[in-house]
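This report concerns only the one structure given below.
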Amino acid sequence: MTPRVRIEKAVKFFNKVEALRGVDMTVQTGEVVLIIGPSGSGKSTLLRSVNRLEHLSSGDIWIDDEKVTDPKTDIRKIREEVGMVFQSFNLFPHLSVLNNITIAPINVKRMKRGEAEAIGRKLLVKVGLADKERAFPDQLSGGQQQRVAIARALAMDPKIMLFDEPTSALDPEMIKEVLDVMTDLAKEGMTMLVVSHEMGFARAAADRVVFMDMGEIIEQAPPEVLFEHPKEDRTKRFLDNIL
């Protein structure tokens, strides 16, 4: 079976700094992969390369049979199928919650407003914000804004969801509400690549945890194996600091 995501020999330089050093990874349809590692290990660079927000220096990435790294590939079409949720919420401050969710389906997919709004309202129910459709971002907590950002990404009906440290900007009491939405998505079979150090989410929802350091994958295994029986000393040292 063709993997949903296939990364081969991914290399990325920022000037003379090698952020990715020949990374290979596959993600199967419906798999939830959590990427952990110290700051500067290449986690976010790898994630952002999947929808070509970062351009690899060499190597290739496929989503299904589409070669993302081919300059001839229509990257706009790829991005329609790959939802991304960032550390910062990136909501449009002048638009209501519902309009934030519907703007891409209406303008990119040419969906009729009524249809887009119906989908948007269903997604607001899904993320627990049915009563906030007329609110504006500055009237919401950080956790609520991040849940709107997830709903906005889901409104495009993506094949894959990418999460780049989605809870790192949140107060501790707001983290659970975002992780609960992500866990529900995982249980529904969404293919997910997540950069995060939320170990509770890893245990509840991840099929595999990938530990990166210095631009390389050091070790990967199911969460219960990696957390309890890491093989590499570098992994053990990292986990000792965060578990």
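Output wanted: per-residue J couplings in Hz (rounded whole) for the stretch 206-218, from phi through Karplus 6.51 cos²θ - 1.76 cosθ + 1.60, θ = phi - 60°, x for Gly and Pro.
7, 7, 8, 10, 10, 9, 10, 7, 6, x, 10, 7, 8
Give the long-range amide H neighbours of Val85: residues separated by 5 or more places, or on another chain, with amide H under 5 Å away, using H modelled in the peptide plane at 1.01 Å from N.
Under 5 Å from the amide H of Val85: Leu162, Phe163, Asp164.
Rounded to whole Hz and in sequence order, give me ³J(HN,Hα) for the stretch 223-235 from the Karplus expression 6.51 cos²θ - 1.76 cosθ + 1.60, θ = phi - 60°, writing x for Gly and Pro.
These are the phi-based 3J(HN,Hα) values: x, 5, 7, 5, 6, 8, 9, x, 8, 9, 4, 5, 5 Hz.
Please compute the modelled spin-label separation between Asn15 and Thr29, points set 7 Å along Cα→Cβ, answer in nm with one decimal.
Going by the 7 Å Cα→Cβ label model, 4.5 nm.
Considering Cα pairs under 8 angstrom that are at least six residues apart, work out the relative contact order of the chain and quote it in whole percent.
Normalised by residue count, the contact order of the chain is 26 percent.
Between Ile218 and residues 5 or more places away or on another chain, which pairs have amide H atoms under 5 Å apart, with H built 1.01 Å from N, and which residues are they?
Phe211, Met212, Asp213
If a/c stays under 1.5 just call it rounded; otherwise compare a/b with b/c (prolate if a/b is bigger, oblate if not). Do that for the stretch 28-99, with a ≥ b ≥ c from the square roots of the Cα gyration tensor eigenvalues.
Because a/c hits 1.5 or more and a/b fails to exceed b/c, the stretch 28-99 counts as oblate.
Can you list residues whose amide H is under 5 Å from Val32's amide H, if they're 5+ apart or on another chain and H is modeled 1.01 Å from N?
Met192, Asp207, Arg208
At 1.4 Å probe size, with the rest of the protein present, what percent of the exposed accessible area of the chain is carbon and sulfur atoms?
The value for the chain is 48 percent carbon and sulfur by accessible area.
Pop out the Kirkwood hydrodynamic radius of the chain from its pairwise C-alpha distances, inverse of mean 1/r, in Å to one decimal. Please list the in-between numbers first.
Values: mean 1/r = 0.0540 Å⁻¹.
Result for the chain, one decimal place: 18.5 Å.
Quick one: of the DSSP bridges fully inside the chain, what percent are antiparallel, nearest 5?
Details: 20 of 37 bridges.
Percentage antiparallel, nearest 5: 55.
What value, in deg cm²/dmol to 500, does the helix sum -39500 (n - 2.57) over DSSP H runs of n ≥ 4 give at 222 nm once divided by the residues of the chain?
Value at 222 nm, helices only: -11000 deg cm²/dmol.
Using each residue's phi in the stretch 149-156, evaluate 6.51 cos²θ - 1.76 cosθ + 1.60 at θ = phi - 60° and report the 3J(HN,Hα) Karplus result to the nearest Hz, with x for Gly and Pro.
Couplings: 4, 5, 4, 4, 5, 5, 4, 8 Hz.
The values are calculated or read from the model by the stated rules, or taken from the named source; none is laboratory data. The structure presented is a predicted model; accordingly, all values stated were derived computationally and were not measured. Cβ: placed from backbone, ideal geometry, glycine included. Neighbour counts: every protein chain shown. Ligands, DNA and RNA are stripped out before the accessible areas are found, and what is left, the full protein with its side chains, is counted by its heavy atoms. Shrake-Rupley method; radii C 1.70, N 1.55, O 1.52, S 1.80 Å.
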